[in-house]
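The values are calculated or read from the model by the stated rules, or taken from the named source; none is laboratory data. As the structure is a prediction and not an experimental result, all values here were calculated from the model. Cβ atoms come from the backbone with ideal geometry, glycine included; neighbour counts cover every protein chain shown.
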Amino acid sequence: MNEIDQIRKGSAEDRRKQRFINKSVAVSVKYLRKIDELPHKPDALEPFMNILRRVFIDMQGAVKPDGMPTVGTYCVMVPQELIYAAGAMPVKLCGGSYTAFNIGDDIAPRDACPLVKAVMGFQSIGVMPVYQECSLMAVPVTCDCKKKLAGYLSERRPTVTLHVPSGRDRDADMEQYVRELYLFSRRLTEVTGVELSYERLSRACGMTAAAQYELSRFIELRRRAPLVIKGTHYMAVMNAMSYTHIALWTRYMKALNDELEEKIRRGEMASKENRPRILITGSPIVFPNFKLPLLIEEMGGVLVGDETCMGERGAYDPPAIVDQSVDGVMRALANKSTRPCTCPTFVDNKRRVYRIMQMLKDYQVQGVIYHVLRGCLVYDYEYQVLEEELGKLKIPVIRVESDYNEEDVEQLRIRVEAFIELIKYGKESSR
Amino acid sequence: MKNKTAGRILFAVFAVVLCVAAYFAADLAFFQYDDPLERASLSVVNDGEALSFTYDNDAITLHAGENTTVYALTTGGVTVVENSYTESLPANFRGSFAAVRTDVSADTNGDGVAENVTAIAKTDMEYTQGYSATANAFLSGEIPFEVVYADRERFTVYYRSQPLENAEITVTLADGTTKSVVTDENGDITELNLNDVRNGLTFTYRPDPQNTYQINYQVEADTIFTARWFSAMLPFGIIILVSAVCITLDVLLRKRLYKNEKMPVGKTSVTARDKRKKRFVFGFETIRWGVMILSFALLIFGSRLTGTVFSNVELPTFACPYNLDQLTSAGCYYLSHLDVLFSESWVQILAFFGTFLVCAVLLGRVLCGFVCPLGFMQDVAHEARQALHIEGVSLNERLYAVLRMVKWVMLIIFLGIGFVGGSFCDFCPAMAVSPALAGFKLSLGLGGFVMVIVLVSGFFKRRCFCNVCPLGFILGLTHKISLFKLKKDAVACTECGACYEACPMGIKSIFTVREGKGDIRKIDVTTSDCIMCGECVRRCPENNALSVTFCGKKIYSADRMKFMKHYAPPKTKYDLELPEGMPDMTGGKDRE
């Protein structure tokens, strides 16, 4: 190959990359502005917005101390504590970018889910620093798409696949996952050079515990006053967590909680009392794919809770460290990563229905929107069960299928609007 | 399949060996003291002190004057002791001595006229004491006035070998205080404090103005932190030492094994230290430890602390009945010696089962979690491991299945051994703890070895013995009608399995139960294994998902914020613990 060819090829590639960045930034700016423009934004939300701006607009890496290696993780089954203990920082890389999705569309089969397509797109274009700077990728084998993603990534990047058991009631399944975590920890040691020790693990657990303490405080606050913050704002907070060192996130979360507490004391709510309270569940909602939460709040509903893995569930389950030894902590981590997880890739998932029922009670929910990303089969399967159970409780539920593009926004708008009207009228007629 | 059969055969062999060992438990000695008579000595000194017996470790000294005759109770009746026994006492002695001195005349009542004083001293060695209605009595003509200490709570006063009814007796305690008591129609005095008895006391009786009878009574006193107590603690000390050695060996062996198998790093880090201070959160756990420490003290030193013994309360815990100082007597004795129980009267049998049933229904296995001294010992061992951050054994269904099988073998041994001529006490680990701590010298049979196993297994797996405890199993049988219940809200539960991990008894149903009779928000998940330790509730991160109820009222419920407080650092520490070089993201919208 001669030199000119190389330059021409290189420049074409560069042009493609530049085009990608321009488009991607444009989408991110648009959605960040929409989030920003929603009324009743708490002041303490600003740091979280800045984090999203830094990652998606300024195209910089994750928010962390200089020189700290990052590990890309893909599902909630990867215990963050283990990565922090190894002296690295976990970054959740599940993608929500429409631009990356378009690239991934050519790599993955038509029916693959857009989330995985977006990740493959990011990998293929190779311009997002958050993706590029990762020293290791940790992909739990959950659904079929993630399984193929693990294969795709392992050919291109140093990758660890974590074999998540498909059932959880047997002790042997959990012990198998403990072994996986030991192997994962060994890989982490190879990357960072930090040996696993009880002290480091305990410190890391303390760090995430502080974050979960603040998150629990937030949940308590919202349980008391479901309308104190817009759900979209909260989704932004949880998305920002994916790219932030947990200690910093905790500090900002504490400030947010303090502000919300003050607001509750003053009786200052983010929405009017009579707005329909809606819970969102189903496939993950990853920035910048915020069209659904934004639509709900634009159409006069209030998003009071979410049961999605980029939302509350992402950091909800704490490890119950019963045995204060390395093995004890590992068991606790394996336990909390698999057993309480409501991911539909597990064989038996009655707990998800119960979890949603509990959230309905906690946040006084009036309607449930079931979000399905096109091609996300496992979530689609569970819709039937949930619809049946919610029917018994007389809570309306709709299934909303969407893809990573803006073509279906208007169609979604009509459906969401109709659903919110339905709740409003249902409320009035029952009065 | 082959593996399973081999496992079964192995277990059958183990069960048979265990049963045979339990039968010969008394012969498989862990620590053997000499017979009390063999190690004791008796010397008579004339040092001018009042006529009395004193004890120094195993040596008995009689402080005598002129014209003193010493008597000993033997299997053949009362004999006169002519010389000192400096090495040991003859085997036919029954552990009771008396000395009489008749030549004294003194004015004891202060009326200016001297009376004839008959000074007597009596002592009973420790091993003669017990909760039996009959005690060693001389009742001989040479000893005109005598007190007999029976059942560790009453003195029967004899005057010329006849019970002295409705007579006024002056009792002088060791510190010099006197009090006047009147014997009842059987000649009994019951109002004396056990601690006063332990210190020695003098009874004075004046039948007429010319004669005074004085008897100084002393039981073999066992005081804590004396040479005598330390020698009683010797076997227990050996047990702890052996356990520590076993644990160290185990840890070293495991370290080596992991190294050879190239197990992932970290699994063997034994000496890891965590200097972070744990936040103290007051809760159910604190109360449980409080109750456990209190009941441990009471069940071991109870009568020493309070001065009384509730000998008719038979608390079904492994507080050893050989320890005579505990507050109540232990129900384990009759249950493991059913042959003895059935030879008692009907009233006795009914009374025993009555109190047992009341205990079982009112408290059930709460006794295991809060009261049992053996359980406390295991919890202490577990806490020691927590402090050292040594890894334990992996808890899983397989382990619990084996433990359940062992429990059946233990139950058969517990209930049946008495009928074939053995005694469960020789096999029982509790015998090594409670009497030793109270200062009773007890030779240990196989029980000493069992105690080592209890401590070592309790170190690596919390409350391991409780999983195979036959007494606990019997207590748990009434869990359906017990007043304490564990309730689960299946909707609030996320099935995170923390309760199952935390449960020292390995109750899995608490985590897997999803449906139950009636309200799914109030499923009764109490099982016969549950010891109500509240660990599951403490480790439960969901509000009200688990709760302990008493008579249907919630007394302890899971609380997410409380759970978080348990392991999150104090709120003020967030700012301090930020790693260096962290960017600041709080900047305003200056970028626009």
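Out of curiosity, is residue A:55 assigned to a helix (DSSP H, G or I) and in contact (Cβ under 8 Å) with a residue 24 or more places away in the chain?
yes
Among (1) more than 22 Å from the chain's Cα centre (by Cα); (2) more than 7 Å from chain B (Cβ to nearest Cβ); (3) not hydrophobic (A, V, I, L, M, F, W, C), where does residue A:344 come up short?
So residue A:344 meets the others, but not (1).
Of all residues in segment B:455-481, which are polar (S, T, N, Q) and crowded, with 22+ Cβ neighbours inside 10 Å?
B:467
Between a residue in segment B:383-398 that is in contact (Cβ under 8 Å) with a residue 60 or more places away in the chain and at the interface with another protein chain (Cβ under 8 Å from one of its Cβ atoms) and any residue that is assigned to a loop (DSSP other than H, G, I, E, B) and among the acidic types (Asp, Glu), which pairs come within a Cβ distance under 6 Å, given they are 6 or more apart or on different chains?
Matching pairs, first to second residue: B:392/A:323.
Taking residue B:127 as the residue in question, decide whether it is under 27 Å from residue B:78 (Cβ atoms), touching a helix residue (DSSP H, G or I) at 6+ places or on another chain (Cβ under 6 Å) and assigned by TED's automatic domain parsing to the domain that holds residue B:72.
Judged against the criteria, residue B:127 is a match.
Identify all residues within segment B:357-387 that are surrounded by fewer than 21 Cβ atoms within 10 Å (Cβ to Cβ), among the β-branched types (Val, Ile, Thr) and either in contact with a His (Cβ under 8 Å, 6 or more places away or on another chain) or at pLDDT 90 or above (or both); write none if there are none.
The one that is surrounded by fewer than 21 Cβ atoms within 10 Å (Cβ to Cβ), among the β-branched types (Val, Ile, Thr) and either in contact with a His (Cβ under 8 Å, 6 or more places away or on another chain) or at pLDDT 90 or above (or both): B:380.
Of the residues B:497, B:472, which single one is away from chain A (no Cβ under 14 Å) and of a type outside the set (A, V, I, L, M)?
Every option except B:472 fails the conditions.
Small (Gly, Ala, Ser) and more than 14 Å from chain A (Cβ to nearest Cβ): is that true of residue B:518 in this structure?
yes
Report yes if some residue within segment B:181-197 is outside the structural domain of residue B:53 (by TED's automatic domain parsing) and charged (D, E, K, R); otherwise report no.
No, segment B:181-197 contains no residue that is outside the structural domain of residue B:53 (by TED's automatic domain parsing) and charged (D, E, K, R).
Okay, residues lined up against (1) of a type in the set (A, V, I, L, M, F, W, C); (2) under 28 Å from residue A:331 (Cβ atoms); (3) modelled with pLDDT under 90:
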site	(1), (2), (3)
B:500	no, yes, no
B:507	yes, yes, no
B:534	no, yes, no
B:552	no, no, yes
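So which residues in segment A:355-374 are under 30 Å from residue A:403 (Cβ atoms) and facing chain B (nearest Cβ under 8 Å)?
A:355, A:357 - these are the residues of segment A:355-374 that are under 30 Å from residue A:403 (Cβ atoms) and facing chain B (nearest Cβ under 8 Å).
What single numbered condition from (1) closer than 30 Å to residue A:88 by Cα; (2) in contact (Cβ under 8 Å) with a residue 40 or more places away in the chain; (3) within 37 Å of the chain's Cα centre (by Cα) fails to hold for residue B:497?
(2)
Output the helices (runs of 4 or more DSSP H) that fall wholly within segment A:118-222 and possess 1 or more residues being within 14 Å of chain B (Cβ to nearest Cβ) and either on the phi < 0 side of the Ramachandran plot or surrounded by fewer than 20 Cβ atoms within 10 Å (Cβ to Cβ) (or both), or say none.
A:129-132, A:171-192
Answer with yes or no whether residue A:77 is within 12 Å of chain B (Cβ to nearest Cβ), assigned to a loop (DSSP other than H, G, I, E, B) and either touching a residue at least 12 places away in the same chain (Cβ under 8 Å) or within 30 Å of residue A:321 (Cα to Cα) (or both).
It is false that residue A:77 is within 12 Å of chain B (Cβ to nearest Cβ), assigned to a loop (DSSP other than H, G, I, E, B) and either touching a residue at least 12 places away in the same chain (Cβ under 8 Å) or within 30 Å of residue A:321 (Cα to Cα) (or both).
Among the residues of segment B:36-53, are any loosely packed, with under 12 Cβ neighbours inside 10 Å and in a helix (DSSP H, G or I)?
No, the conditions are met nowhere in segment B:36-53.
Tally time: how many residues in segment B:69-109 are in a loop (DSSP other than H, G, I, E, B) and in contact with a helix residue (DSSP H, G or I) (Cβ under 8 Å, 6 or more places away or on another chain)?
Selection size over segment B:69-109: 4.
If you check B:390, B:349, B:413, which single one turns out to be surrounded by 16 or more Cβ atoms within 10 Å (Cβ to Cβ) and over 26 Å from residue B:241 (Cα atoms)?
Testing whether each residue is surrounded by 16 or more Cβ atoms within 10 Å (Cβ to Cβ) and over 26 Å from residue B:241 (Cα atoms) leaves just B:413.
So the check is Cβ under 7 Å with 6+ separation or different chains; which pairs have a first residue in segment A:296-322 that's within 12 Å of chain B (Cβ to nearest Cβ) and without any contact (Cβ under 8 Å) to a residue 60 or more places away in the chain and a second one that's among the aliphatic types (A, V, I, L, M) and in a strand (DSSP E or B)?
Between residues of segment A:296-322 that are within 12 Å of chain B (Cβ to nearest Cβ) and without any contact (Cβ under 8 Å) to a residue 60 or more places away in the chain and residues that are among the aliphatic types (A, V, I, L, M) and in a strand (DSSP E or B), the close pairs are A:307/A:279.
The rows are residues; the columns are (1) over 17 Å from residue B:381 (Cβ atoms); (2) over 14 Å from the mean Cα position of the chain (by Cα).
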residue: B:430; (1), (2): no, no
residue: B:433; (1), (2): no, no
residue: B:436; (1), (2): no, no
residue: B:445; (1), (2): yes, yes
residue: B:449; (1), (2): no, yes
residue: B:459; (1), (2): no, yes
residue: B:463; (1), (2): no, yes
